[in-house]
Structure formats: structure tokens, C-alpha cells
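Engineer: Okay, here's the structure, questions in a sec.
Nothing in this text is a laboratory measurement; each read-out follows from the coordinates by a stated rule. This structure is a prediction, so every number in the text was calculated from the model and none was measured. When we count neighbours, we look across all protein chains shown, and the Cβ atoms used for this are built from the backbone with ideal geometry, even at glycine.
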Amino acid sequence: MPILSILIALPLIGALIVALVPRRRPELVLPIALVVSIPPLVAASYVLWNFAVGDASFQFTEHVVLVESFGISWSLAVDGISLFMVVLTALLFPLSIAASRSITEQVKTYMVLMLILETGVLGVFLSLDLFVFFAFFEIVLIPMYLLISMWGSDNRAYAALKFVLFTAVGSAFLLVSIVALAVITGDQMGTFANFDFRNVLQADLSTTTQYWLFGGFAIAFAIKVPLFPFHTWLPDAHTEAPTAGSVILAGVLLKMGTYGFLRFNLTLFPEATVDFAVPLAILAVIGIVYGAAVAIVQPDIKRLVAYSSVSHMGFVILGIFALTTQGMTGSVVTMISHGLTTGALFLLIGMIYERTHTRRIADYGGLAKIVPIYSGFFLFAVFASAGLPGLSGFVGEFTILIGSYLTLPVLTIIAASGVILAAIYLLWAYERVFTGPVVNPKLEGLRDLGFREVAIMVPLVVLIIGLGVYPKPVFERIEPSVGIILERIEATTGYIVPERGTPEGVVDVHYGQVSESPDHEEEGG
Amino acid sequence: MIDVLWLVIALPLVGSTINLFFGKRIGQPLAGWVAFGFVALAWLVALPATFSLIDGSIPVETSYLFTWIPVVGADVALLWDPLSALMTMIVTGIGSLIHLYSIGYMRGDERYPRFFSFMNLFIASMMILVLSANYAMMFIGWELVGLSSYLLISFWFTKPAAAAAGKKAFIVNRIGDWGFLVALMIIFASFGTFDFQTIFASAPVVITVGTATAITLLLFVGAAGKSAQIPLYVWLPDAMEGPTPVSALIHAATMVTAGVFMIARSAVLFEMAPTTGAIVAVVGTLTALVAALIAVSQTDIKKVLAYSTISQLGYMVLAMGVGAYTAGIFHLTTHAFFKALLFLGAGSVIHAMAGDQDMRTMGGLRKKMPITFITMGAGWLALSGVFPFSGFWSKDEILAATFAKGGWYIGLWVIGLLVALLTAFYMTRLFVMTFLGKPRWEDGVHPHESPATMTIPLIILGLFTVSFGLVNTPALVAFEHFLEGSFQYVHHVQGLSMGAIIGLATIALIVAIAGIVWGWLKYHRSELPAEDGKFWRRSRDAFGVDEFYGRTIVEPGKKASEWAADVFDVKVLDGIAHGIGSGTRGFGDVLARLQTGQVRAYAGGVAIAGVLLIIVFLAVGGGF
């Protein structure tokens, strides 16, 4: 059963079903869209359930040649990295659709676009053929542009355009690099071009070629992440997008960038990776501190969360380019966690915005008294985002910091100050919105969350706690896939991955058995 | 026995969850009794395990529960040794009493069940911190107690001061946590594990003195946040915005001692780094002094006790710095009893005074609330260091250990004595202003003794306050003997002769009595003495440290953020983007076309084309 093809096709079929809803029954659109967004989640869960733990190679592979002469094929697979991106995507779409009740104009178009967007995102994470990957990468752009420009708030035209132009610039670099890479590969294989990932992987690239191609890919992905200083499209797009748009944008679209780095830059261009690691890590750390600092003074709560994403995604990039098992694994976990926590924050902001139609922090105050359930969820999301241990955000960022220190100590120490800044911008915002007396009379009598809204939040809360308390199943699935990337870097460059911090030869005498296995029974004395 | 220890964490967590979801239905005061029940149960579970340590049959045990973060070797595992047993007894024992007290104290509060949910959460968090068998798990507890502290300080969140105080506590603690976090990075880089047993057994072989110094200094940054030391102590006085049982439990008896506990736990590493030890001792001593100088002038009864707590934590930190771990932990224990007692007593007084906390409007409460008066009297004498109350023994041990170090540490000993004098003075001031003399309360206030749920905890704590010091005297060293298992890797400093010990104790006692007499003569009069003059004013403003931080850190930080947000991001970075855009005419052209809606039509067209392309892909590749 080509489960991955089915997974990609399901939202599209769903879009078709939604498109067939009679025009005079707009009230049916949202329920039907919600129902058709469930099968992709089921399919993704099937993949998650049947994923072989400890297996570093690609799984559920599908391979059909599309265009022989150009070496283009329909080539799909998952590994430990894309697995969770796929599950996260399949999870966030139903939640975002359920949270879109305030969309009243052209609701059918809206839902069709959402489902096309889902297909696009899934395609990005599952495609191994670079041509198909690029096609999906571009397809994602258009529904998102339309979602922002048609259902966004006041300044939507500017934000949508900025989003498209920034990404398009990146895409241009990406396209050129992909074509160049395919042609080089094809040349070495004796054909015109070859886009298949596994063939491209075999291509013999000179260091200079690697530099150029790495640069082309890196610009596209850095804009997508976004890495400082390419981030300025993000606050506008996030702020103006409708709630679902912000959730998907932050939750999964940004991860296309970090995923791209892991899948392509690090895997295809190991030498360039080693040489460019430090400059990219520096940009990441600037982003961590800068994003957080700018978040502190934002007057608009959505902009604040948008800048916090710049900070969090900086952690992900730092972990990736620290080139350690811990750092990179932590990065993938943070990608998941950021999707959950920022998704939760944007959903919650959307819920209150539907009631008050303002995002200005100054318009609020004392909400906790009026809407206690809402405030409880919000405070939970705040602490999840601030990296409270026991919740998902901490697990990822802690692992990144521990792992990154092994190769980039100074940068990592600076990055760690991000935890202080996160507490400042989040708790100060919470204080101004939720505590103190109620000053704005318009807030009196606001409705607290209803059953539907609680039902949207509960899955996120459960996953945030689950990932925070027992992340082992996730780590087990990610680590082998990360390991294979690092192995390749080690095999092709002079770089040596620090296994763990232990200075060699000194410690084995004392505790060889302890760190090897979790079996602590014998050390009781 | 160790196999059931996880219950000590799980029970309060269950209690917290029950009250969070069903507390409203359970109602008052039952919700409080439920919460109390879970903490008391946790105490009962830990009790036999503690006794098994006292008879010395099992020195140290670990219990692996599950793997947390495999890639950094972080497990959820418990360590049961005398130190964790002692802390468990303090946290669950005093915790139970304070829960009991709160049943009456919080009666009538709108969010009564929520209060108990948070209190139980705190106990669970603190137990995670105390029972952890590795630094990573300790950090979980470390941050979770910070969360509970935040929730409880800003419990009355409609008061802006309470909300701000909670936020300030969390943020200042996060500054300390940064140090802890960096220490964890170096620990992992050096040892490849966070496991206590492994680290402590191998540290002298694995790391250099330099690395040990770096690790311990950074750990101390964390400890200074949690245990309110210079320069991070500023959050604790504000934390008094929380309900008084919270101040007693979290901000006096237990959470604030976590920093001291963490240093004691890491004693092996601190022993390797004498430089850190010296810094720790100096910071502790200065904190003790500065806080005592502020405490003398405060008129809010809780503020006196808050600064007193900072000051006493300074003593404990001094003990850690001079390597007197047992003495420091002993003082931690006795302080937990008498400071919890004093806070609960203060709560009883505030309760009686209908919420008034200003000692200038109290006086003469002795007859109105005799149990509170007598028990607080015990607390007053214990904190002042009067023989044979518990505080005398523990404080004296710290001072003696400092003296024994010799050299410039004698200077610290002198400052320590000065702090003892000030302590006796401000506590006498508090006691006299509150209970003795003529009533100064306003009309309409009718002070009365508190209900039994509040006085029983006072009496129990009072008994411990009076007697607990006797478990560790020069004649009987049961406490030190008990803790030996936890400091087995620690090199012990040689002791003083019995004559020297008695001599030093006598000096300390004379100083304490002098402080009491001074305070008594100054405040036990018909009229309160005027407290004006430059020192009193500066002291009452806490020497303007908060304002200083505001001027030098908060405001410039905010300005920098504003510059980054409003100038750099918008003008510089976006300006470049716009410049490139208009430079290539692309931006302007597209913008012009946007007006006509062409972009949207174009995008729609591309979308349809894209979808068709996917369908073709799928049809060919997916085999539909």
C-alpha cells in the first residue's frame, strides 16, 4: 500500500469534497472540512505506529519514475526527522480548521486552500526527489499567500506580498541550486539530469561546488526558518494572517526551512556544512537574543509571539550547526515542540481576538478574573513556550544547549541567556493582559472558552506534557536518522563528532557501566 | 522501602490535580483537608524509609524510574540518602502543618481549591528537586518550584503588586537558572552524565580545579537566585505579596533553602574549588549583614521576617562556603522550624488584625492571642540565638566553623557576630511592637486567637523550635552522625577544642542577649521611639537597590529592546529589503499590480496549476 502517496492525496481529495458542498449550505463547510482533515491524521498515525524504531534508513519508500530523461521520479519516504514533521502537520491542520469558525466570507475557498496547503506541506516533508520537493515547496507558498491576503487583518496586502517576495527570492536560489545539482549528478551518471535524492547523494562535488550549492539552498531555507537577518517578513505575515494561517505558518511552514537544512544542506554538502557551521550558528545565536529582546517591547501580542518564534528557531539552527548528536536531536524535538506551543499560543490569541477584535496588549488587563479557563490555558502555553521543565519546550532546548556546548561553548553560553529573556517577554505580557484590575469596560462579560475551544486545546496540552515528561519514544526515532547525517559528515570530512563529553581514557575505570545502560540497580552503594 | 519513594512525589501531584479539576465541587474546607491529606500521606510514606537510614543499615540508595532524555543520559531516578531524607521530612512534615494551617487561614477565599492545588504542586516539585539522583532532574524540580512560587506569590493576581512580585520572582530566579544551566553544560561536557554518584565518585580524577571552579561558581549563581543572595535577593521581599502560609512554606522554610541544599549536594565539587568557597563565604556573610541592616527598620511584620530569612540564608551560605556542610544543613533545619513558626504566627496576627501588617498599629496582643504569643516567643528566642533554643546551637556551629578557618575568615566571623546582634535586636523589636506594650490598633479591630487548625501547627512547630537544637550539640552529635552518609566524599575540617567551642558559644550568647536588651530598652516603652535619621530612612528603602537595578539594568535594557524593535528591525533591516525591492523595480511594480487584483488572479492560477501537477504526480507515482 503506497501509504505516503495516500497521505499526500487525502487532503486533496478532501479539498475536492469540500468544493462540492452546495453553495447555499455554507454552514456545512467547516464540519465537512474538519471531517476530511481527519483521514490524513489517521494515515500519519499509521505511519508513526508502524515506523521501525532504531532504523536509520528511509522507510515506507515509494519510487516511480516520472520523467526518465530528466531523472525525475515520484520518490517518497520518511525517516526519523520527517516522521514527526508529518505527524505535526496532520495534527495541526484539523485543529486549525476547527478554530476557523470566525471565517464567514468565502469559507469554501478558505477550506479548499487550507487542504491544498496541507497536501503541499506533506509533500515537502515526504518527497525525496528534488524536483518534486521544489514543486511542493512552491505550492505551499500560494495558498498561504491567498489565506493571508484574503482573510487577513488590516495590513494584509502588504504582509502577504512581503511573505511571497521574501520566499520567492529564496526559491529562485533554491531552484538554480537544485537544477545545477541535478545536472551535475546527471552528468556523472551519463544522463542529462537526475533529481533523485539517493543519486544526488552519490554525486562527487568539489569543495567549491559544495560552497555554491550550500549557499543557494541555505538562502532559501534561512528565509523560511527565518534566520536573522532574513526574519522581517515573519512578524508581518504572522500578525496579519488569520488564526489558522498563523498556526500553520509557525507550526509547520517554518520547519520546512530547518527540515531543508537537515535533509539537504547537511546531508548533501558535508564539507560546506563543516565550514559554514560557525557563521550560521552565530546568526542563530544573534536571532535567539535579538528575537527575544525585540519581543519584549512589542505592543501587539501576535507580533510578540512572532518574534519569539525567531528566538526559538534560532535555537533549532544552533542545535543543527553545532554538529553533535545531542544538538541535532534536540533541534528536531524543538521543531515539534515549537509547533505545539506556538500553535497553542496562536490558537488562544485567535480565540480572544474573535471576542474583542484587538491584539493590542494595552487594550487588555485583568482577563484572568473574567475568563479563568482561557487564562489557565494561556498561562500553560506561556510556560510551555518559556521552556519550563516537564513540558516539551524544555526538553528540546535543553538538549540543544547541552549538545551545542560540546562544540560551540561560547555561543551556547550566550544562547542560554535566551531562557531569561523568554521569561521576561512572556510573563510581562501575561501580567499586562491577564492580571491586575479590569480597566477596559469592553472586557466585562466576555465569554470563557466553550466546549469546542477546550476540545481544540486539550490535544495540544496533552502532547506538550507528554513530550515533556516522557520524550524517549520521540528521541529514539529521531536519533538514528540524525546519526546517519553526522556519520556521513564524519566520513567525508575531517570533522569528528564528540560522542559525549567524557575525556577519553580517564573515566572509564570509574563508571563505564553507568552511562552505557539505564540499569542503575547495581550502583546503590 | 526505596521502591515506594516515588509516591512522595506522586501523592501531592495527585492531590494537586484533584483540587485543580474538582476542587470547586469538593468545596471549602474539604478541599483543604484533601490537600493536607495527600501531603501527610507523603510524609508517612517517607517516614519508615527515613528510619531505615537512622539505624544506618542502608546508607545510600538509588531508584531508577524511567529514561527521560536518552541522548544526554538524563534519567528520572531518585536518590535516597540522609540529606534527601532530611529534606523530605522537612518539606512534607512542615508542609503538612502549613497545609493544616491554611485550611483555616484561607477560609472564605474565592479560589480556595486553587490555592491548595498550587500548594500541593509545590510540595511535589520540591520533592522532585530533593529526591533527584542527577542534576538534570534536579533542574526540573528547581524550575517547577519556581513555577509554584510564581503561581502562589501572584495568587491574588487582581492586585497589581502581587502580579508584579510573582513575575519578578520568576525572572530574577531565571537569571540564576542561567548559571545553573551553563553549569549543567560544563558538567555534561566533562563527565558525559548528570548522575550524582558517578560525578562525585569520579570528579577529582576527571576534572581540573579550574573546571571545578567554573562549575561551582555557576552553580552558585543558581543558588544565589533561589536562596536569595546578593545580588539576586531582591525578589524575596516582594514575594511577601503572597498569602502568608506561602511565605512560611516556600519563602522561609523550604524552597529558598534549595540553593543551600544544592551546594551541600554538590559538596564534592565545591571542596575541589577553594576559590569558589571563599566567594561563597563572602557573599553569604555580606547578604546576612545587608539583609539584617534592612530588617531592623521595616514596619511590615512580614517584611521584617522576609529580610530576616535572607539574612539567615546568608548564614547557611556562609556555612557552605567554609565547608561546614553539616552545620549549614543543621541551621537550614532549625530555621525551617522557627521561621515557619514565625511566619505562621505573623499570619495569625494578621488574621487577628483583619489584614493589617503594620506593626506600628499593633501592640498589646499578648492577652488577646496567648497561644500565638507564646509560640512566637519561642521563635523570637530561637532566631535571636538564645540558649537552649534551636537557633542558638545551629547558628553557633556556623560561626564556630568560620572562626576555625582562621586567617581573614575571622573577619567574617566578626561580621557574623554583628549580624547576630542585629538579629536579636530586630526580633525583639518585632516581638515587643506586636505583643507587648499598649494596644495601638484602631477602633473596629477586634483581635482574637486563631482557630485550632491554625494554633495546632504553631504549637507543634513551637515544640521543635525549643527542642530540636539538642540533636546536635558539642555533647551529642546525632545530627552530624546522621548526615555523614551524604558527605562521605567530603574532606572534613578539623574541629576546635571543647574549650574553644564553649568560649565561642559564650561570646555568641552574650551578643544575642545584648541585642535583646538593646531592643527591649529601645522599644518596651509607652511611646514607640521615632525611627528617623539618615540610616533609618535608607534602611527602610532597602538602600534603594531596586531603584538602582531599575536605573542600571531594566531601563537601559528596555531602551535597547525598543531601539532594536523600532529602529533596527523596521528601519535598517526592512529598509534594506525595501531598497532591494525598489532597486530592482520588482517591489513597486508588483505593488502597482496588486491594486488591480492581478496578483491574486495570478496566484490563483498558479495554485490551480500546482494542484493539477500534484494530481499528475500522484496519478503516475501513487498508482491511483
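Engineer: If you take the charge dipole of chain B about its Cα centre, with +1 on Lys and Arg Cβ and -1 on Asp and Glu Cβ, which of B:P237, B:F116, B:S202 is farthest toward its positive end?
Structural biologist: The Cα lying farthest towards the positive end belongs to B:P237.
Engineer: What does the extension gain come out to for B:A452 and B:T506, with contour length at 0.36 nm per residue minus their alpha carbon separation?
Structural biologist: Details: separation 54, 0.36 × 54 = 19.44 nm, distance 3.86 nm.
Extra length available between B:A452 and B:T506 comes to 15.6 nm.
Engineer: In debye, nearest 20: dipole of region A:188-321 around its Cα centre with unit charges on the Cβ of K, R (+) and D, E (-)? If you can, show how the numbers build up before the last one.
Structural biologist: Details: 6 positive and 7 negative charges, 53 e Å.
Roughly 260 debye for region A:188-321.
Engineer: Still on this structure: Whole Å is fine, so just give me how far the alpha carbon centre of region B:385-461 lies from that of region B:564-579.
Structural biologist: If you average the Cα positions of each part, the centres end up 58 Å apart.
Engineer: Sticking with this structure for a sec: DSSP loop chymotrypsin sites (Phe, Trp or Tyr not before Pro) in region A:170-250 with at most 16 other Cβ atoms within 10 Å of their Cβ, which ones? Walk me through the numbers before you get to the answer.
Structural biologist: Working: sites: A:F173, A:F192, A:F195, A:F197, A:Y211, A:W212, A:F214, A:F217, A:F221, A:F230, A:W233; in loops: A:F192, A:F195, A:F230.
Loop-located and lightly packed - A:F192.
Engineer: Could you size up the charge dipole of region A:269-498 around its Cα centre, putting +1 on the beta carbon of Lys and Arg and -1 on that of Asp and Glu, and report it in debye to the nearest 20? Can you show the working numbers first?
Structural biologist: Details: 13 positive and 14 negative charges, 153 e Å.
The calculation lands at about 740 debye.
Engineer: Now for a separate question. What do you get for trypsin sites (Lys or Arg not before Pro) in region B:74-151 restricted to DSSP loop and a cutoff of at most 11 other Cβ within 10 Å of the site's Cβ?
Structural biologist: Numbers: sites: B:R107, B:R111, B:R114; in loops: B:R107, B:R111.
Answer by residue number: there is no such site.
Engineer: If one computes P(r) from the Cα atoms of chain A, what percent of pairs lie at distances over 42 Å?
Structural biologist: Numbers: 22661 of 137550 pairs.
In whole percent, the long-distance tail amounts to 16.
Engineer: So, one more: Only counting other Cβ atoms within 10 Å, I'd like A:D204, A:D55, A:D300, A:D196 sorted with the fewest neighbours first. Let's see the in-between values first.
Structural biologist: Details: A:D204 8, A:D55 13, A:D300 17, A:D196 22.
Ranked by crowding around the Cβ, least crowded first: A:D204, A:D55, A:D300, A:D196.
Engineer: With charges only on Cβ, +1 for K and R and -1 for D and E, what is the dipole size of the protein assembly as shown about its Cα centre, in debye, rounded to 20?
Structural biologist: Values: 61 positive and 72 negative charges, 797 e Å.
Magnitude of the dipole: close to 3820 debye.
Engineer: Would you mind pulling out the separation of the Cα centroids of region B:319-372 and region A:179-228, in Å?
Structural biologist: So the separation of the two Cα centres works out to 70 Å.
Engineer: Sticking with this one: From the square roots a ≥ b ≥ c of the eigenvalues of the alpha-carbon gyration tensor of region B:1-118, which class results: rounded (a/c under 1.5), prolate (a/b over b/c), or oblate?
Structural biologist: On the way: a/c = 3.14, a/b = 1.67, b/c = 1.88.
Oblate shape, in that a/c is at least 1.5 and b/c is the bigger or equal ratio.
Engineer: Continuing with this model, one more query. Farthest toward the dipole's positive end in chain B, which of B:L181, B:V8, B:T254, given Cβ charges of +1 (Lys, Arg) and -1 (Asp, Glu) about the Cα centre?
Structural biologist: B:T254
Engineer: Just from its helices, what would the mean residue ellipticity at 222 nm be for chain A, if runs of 4 or more DSSP H residues each count -39500 (n - 2.57) and the sum is divided by every residue, rounded to the nearest 500 deg cm²/dmol?
Structural biologist: Numbers: 23 runs with 362 residues, N = 525.
Taking each H run of at least 4 residues, the total per residue is -23000 deg cm²/dmol.
Engineer: Could you work out how far apart the two model spin labels at B:F22 and B:A514 are, taking each label as a point 7 Å from the Cα in the direction of the beta carbon, and quote it in nm?
Structural biologist: Those two pseudo-labels are separated by 6.1 nm.
Engineer: A follow-up question, please. Using the alpha-carbon centroid of each, what span in Å lies between region A:365-392 and region A:45-116?
Structural biologist: Computed from Cα coordinates, the inter-centre distance equals 30 Å.
Engineer: Next question, about the same structure. Which three semi-axes in whole Å describe the equivalent ellipsoid of region A:197-317, each the square root of 5 times a Cα gyration tensor eigenvalue, listed largest first?
Structural biologist: Details: eigenvalues 180, 47, 17 Å².
Over the Cα atoms of region A:197-317, the semi-axes work out to 30, 15, 9 Å.
Engineer: Go through B:A164, B:A278, B:A223 and say which Cα lies farthest out towards the positive end of the charge dipole of chain B; charges sit on Cβ, +1 for Lys and Arg, -1 for Asp and Glu.
Structural biologist: B:A164
Engineer: Net charge around A:I72, counting only other residues with Cβ within less than 10 Å of its Cβ (Lys, Arg = +1; Asp, Glu = -1)?
Structural biologist: Numbers: positive: none; negative: A:E68, A:D129, A:D196.
Summing Lys/Arg as +1 and Asp/Glu as -1 gives -3.
Engineer: Continuing with this model, one more query. Under 1.5 on a/c is rounded, so check that first for region B:172-285, then, if it is not, pick prolate when a/b is larger than b/c and oblate when it is not; a ≥ b ≥ c are the square roots of the alpha carbon gyration tensor eigenvalues. Please report the intermediate quantities before stating the final value.
Structural biologist: Numbers: a/c = 2.35, a/b = 2.02, b/c = 1.16.
Because a/c hits 1.5 or more and a/b exceeds b/c, region B:172-285 counts as prolate.
Engineer: Could you give me the radius of gyration and the Dmax of chain B, taking only the C-alpha atoms into account and expressing both in angstrom?
Structural biologist: Cα-based Rg and Dmax for chain B come out at 28.1, 99 Å.
Engineer: Once you have a ≥ b ≥ c as the square roots of the Cα gyration tensor eigenvalues for the protein assembly as shown, tell me rounded if a/c is under 1.5, and otherwise prolate or oblate according to whether a/b is larger than b/c.
Structural biologist: On the way: a/c = 2.27, a/b = 1.73, b/c = 1.31.
Since a/c reaches 1.5 and a/b is larger than b/c, the shape of the protein assembly as shown is classed as prolate.
Engineer: A further question follows. With a 10 Å Cβ neighbour count serving as the proxy for reagent exposure, in which order, fewest first, do A:T119, A:T341, A:T185 appear? Could you put the intermediate results ahead of the total?
Structural biologist: Values: A:T119 28, A:T341 32, A:T185 23.
Ordered from fewest to most neighbouring Cβ atoms within 10 Å, A:T119, A:T341, A:T185 come out as A:T185, A:T119, A:T341.
Engineer: Summing +1 for each Lys or Arg and -1 for each Asp or Glu, what net charge is found among the other residues whose Cβ lies under 15 Å from the Cβ of B:I507?
Structural biologist: Values: positive: B:K395; negative: B:D396, B:E397.
Its environment carries a net charge of -1.
Engineer: Cα to Cα, under 19 Å, and not fewer than 8 places away if on the same chain: which aspartates and glutamates meet these conditions relative to B:K24?
Structural biologist: Within reach: A:D448, B:D109, B:E110.
Engineer: Please list log₁₀ I(q)/I(0) at q = 0.08, 0.10, 0.11, 0.18 Å⁻¹ for region B:335-540, using the Debye equation with identical point scatterers on the alpha-carbon positions.
Structural biologist: -0.33, -0.51, -0.60, -1.24
Engineer: Could you work out the longest stretch of chain A that avoids the GluC sites (Glu not before Pro) located in DSSP loops with at most 12 other Cβ atoms within 10 Å? Don't skip to the end; give the middle numbers.
Structural biologist: Working: sites that count: A:E68, A:E105, A:E444, A:E499, A:E504.
With a cap of 12 other Cβ atoms within 10 Å, the longest stretch comes to A:106-443.
Engineer: So which lysines pass the test for A:K162, namely a Cα distance under 22 Å, with those fewer than 8 places away in the same chain ruled out?
Structural biologist: Straight-line reach from A:K162, under 22 Å: A:K224, A:K255, A:K302, B:K571.
Engineer: In addition: Which of the aspartates and glutamates could a cross-linker span from B:K405 if the Cα-Cα distance has to be under 15 Å and same-chain partners fewer than 8 positions apart are dropped?
Structural biologist: Leaving aside aspartates and glutamates fewer than 8 places away in the same chain, those within reach of B:K405 are B:E271, B:D396, B:E397.
Engineer: Quick one: A:T435, B:T254, fewest Cβ neighbours within 10 Å first, how do they rank? Walk me through the numbers before you get to the answer.
Structural biologist: Values: A:T435 24, B:T254 27.
Ranking A:T435, B:T254 by Cβ neighbours within 10 Å, fewest first, gives A:T435, B:T254.
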